[in-house]
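In what follows, a single structure is set out as structure tokens and then discussed.
Coordinate-derived values only; no laboratory data. The shown structure was predicted, so the numbers you read here are calculated from the model rather than taken from an experiment. Backbone-built Cβ (ideal geometry, glycine too); neighbour counts: all protein chains shown.
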Amino acid sequence: MAALAALPLLASAAQAQTVVDGSDASLGVDAAGPVLALIGRQMRDPEARVSGLRKGRGGALCGSVDLRNRMGTYTGPQPFVADLSENFLGRLPEGPELRSPGSPAAFKAMQRAKALYEANCAEG
């Protein structure tokens, strides 16, 4: 019953994020709702497009997120990894981001995202 009571709360927190391929259905609301809310809070794009949601190894959640740039154009899906137990979400950085991180903390977060993705989401 508590899960049903939390359903409206999760839906409102993640309402703006769109799962474009229905992959959230395989995770269920207990996992999909919190990861969509985390994407909404950390990615700061109210119209992020999420796809390929799946459970990874070690309790991680994996997928892709397509965000808009400052011009309002979607930049293309990029892989992400989420560790809900630590309230962490990180997109895999692209070359320009790695060459010129905004701060030492941003570089550390990118390295953490890469390591978590490789350990929990990468095929192989």
Hey, with R₀ at 25 Å, roughly what FRET efficiency would R99 and R57 work out to, going by the Cβ-Cβ distance, to 0.05?
0.30
Positive-end extreme of charge dipole, the chain - chosen from V20, V50, A109 (charges on Cβ):
A109
Using a Gaussian network for the chain with springs between C-alpha atoms less than 10 Å apart, which of these wobbles most: M43, M71, M110?
M71
Expressed in nanometres to one decimal, the distance between label points 7 Å along Cα→Cβ at K108 and F88 is 1.1 nm
Using just the helices of the chain, give the 222 nm mean residue ellipticity in deg cm²/dmol: DSSP H runs with n ≥ 4 each add -39,500 (n - 2.57), and the total is spread over all residues, rounded to 500.
-13000 deg cm²/dmol
Dividing the convex hull volume of the Cα atoms of segment 33-124 by its residue count, what figure in Å³ per residue is obtained?
106 Å³
How large is the charge dipole for the chain, taken about the Cα centre, if only the Cβ atoms of Lys, Arg (+1) and Asp, Glu (-1) carry charge, to the nearest 20 debye?
300 debye
